[in-house]
Structure formats: structure tokens, C-alpha cells
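See structure below.
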Amino acid sequence: MAGTSRKSAQNKTAQNKTAQNKTVADGGDVAAFVGAVADPTRRAEAELLTELMAEVTGEPPAMWGTAIVGFGSVHYRYATGREGDSPRVGFAPRKAQSVLYIRGLDGGANYQDLLPRLGNHTVGKGCLYLKRVQDADPQALRVLVDRSYRWTDAS
């Protein structure tokens, strides 16, 4: 049985190295995507986030997959051998909230100074879920985006 477990682990490692990422920059039309957001509040938030993130990062917005607007890119490699690219910072307008993809978030540990200024929110390992973007302190959002964009594994 131990041999089977080792073989299974080797197969998973091989799969991790060859698996294709589903979320990649694909050249989609950001303006069309944002314009098609059905809820007017979420659409306005998406417009605000697009403008804010472009201004702070100096990067043009890009579609990553079908529902994420990203700014810049970074290459990553996990200990398993899996590697790929992801946006340095980005967002996705969702039905119940706007999701911000933040580098170095780590459950909020690296952004404790900003989180109280963001209004009603929850955090995950790399996602910040904002119930209402307009409730967030605009300066805190700018600092959050800038910190995420500049984040490196050495930070």
C-alpha cells in the first residue's frame, strides 16, 4: 500500500506540472465585460475599480479568463512544480459582492492596517470580498492596490 501511495503522489506531482491554468490573460474586451455587468451597482463598482487599479498600477486592464479583470502579471512556481502566471492585482464583479484578488493577503495578515477602512468585507487567502466598494475609504483602496501590485515573495 505504501508503494501505491507514493506512486499516487508522483502522479499528482506530474499532473500539477502539466495541468493548464484555466485563468489566463486572453485578450478579452474589458470594456465590453464591464459594460455587460447586469446589476447597475456592480457595474459602477467595476468601472470604479478599473479606473482606480489602472491609475495606481500604471497597467492597462486585461481579461483573465471570462470574469476577472487583472492588472500586470507575475509568474509563480509552487513547490509541487506547478507554475503559471496571474495578475498582480485584479477584481471580479460578482452578484453579492466585488472580489478583489490581492497578492500577499494571507487571510488579511499583511493588510491589517487597511482592513478596518474597507467597510463590510471578508477575506480569504488571496481574495478580499467587498460587499459595497463605495463604503471603502478610497485612499485605503489605493494603498491596498499599490501594496498588492508591488508585492513579491520576498516581501
Response to the item:
Amide H contacts under 5 Å for VAL74, restricted to residues at least 5 apart in sequence or on another chain and with H modeled in the peptide plane, are SER86, ARG88
Practice prompt. Along Cα→Cβ, 7 Å out, is where each label goes; now give me the distance between the ones at ASP137 and ASP113 in nm to one decimal.
Written response: 1.1
Worksheet item: From the phi of every residue in the stretch 61-71, what ³J(HN,Hα) in whole Hz does the Karplus formula 6.51 cos²θ - 1.76 cosθ + 1.60 yield, where θ is phi - 60° and glycine or proline is x?
Response: x, 9, 6, 10, x, 9, 9, 10, 9, x, 9
Discussion item. Cut-off is 10 Å between beta-carbons; in what order do TYR129, TYR101, TYR76 appear when sorted fewest neighbours first?
Written reply: TYR76, TYR129, TYR101
Worksheet entry | Equivalent ellipsoid, the stretch 94-138 (semi-axes from 5 times Cα gyration tensor eigenvalues, Å) | 16, 13, 7
Discussion item. No solvent, one uniform scatterer per C-alpha: report log10 I(q)/I(0) for the stretch 67-155 via the Debye equation at q = 0.14 1/Å, two decimals.
Written reply: -0.47
Discussion item. Explain nothing, just compute: Karplus ³J(HN,Hα) = 6.51 cos²θ - 1.76 cosθ + 1.60, θ = phi - 60°, for every residue of the stretch 110-119 in order, whole Hz, x for Gly and Pro.
Written reply: 8, 9, 4, 5, 9, 3, x, 9, 9, x
Worksheet item: Once phi is turned into θ = phi - 60°, what whole-Hz ³J(HN,Hα) does the Karplus curve with 6.51, -1.76 and 1.60 give for every residue of the stretch 141-150, x standing for Gly and Pro?
Response: 4, 4, 5, 4, 5, 4, 5, 5, 4, 8
Fill in: Relative exposure of PHE71, PHE91, judged by other C-beta atoms within 10 Å (fewest first)
PHE71, PHE91
Item to complete: Starting from the Cα of ASP29, step 7 Å toward the Cβ, then list every residue of the stretch 58-81 with an amide N under 18 Å from that point.
Response: 61-70
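Laboratory data are not the source of any read-out in this text; all were calculated from the coordinates shown. In this text, all values refer to a predicted model and were calculated from it rather than measured experimentally. Counting neighbours? That spans all protein chains shown, and the Cβs are built from the backbone with ideal geometry, glycine included.
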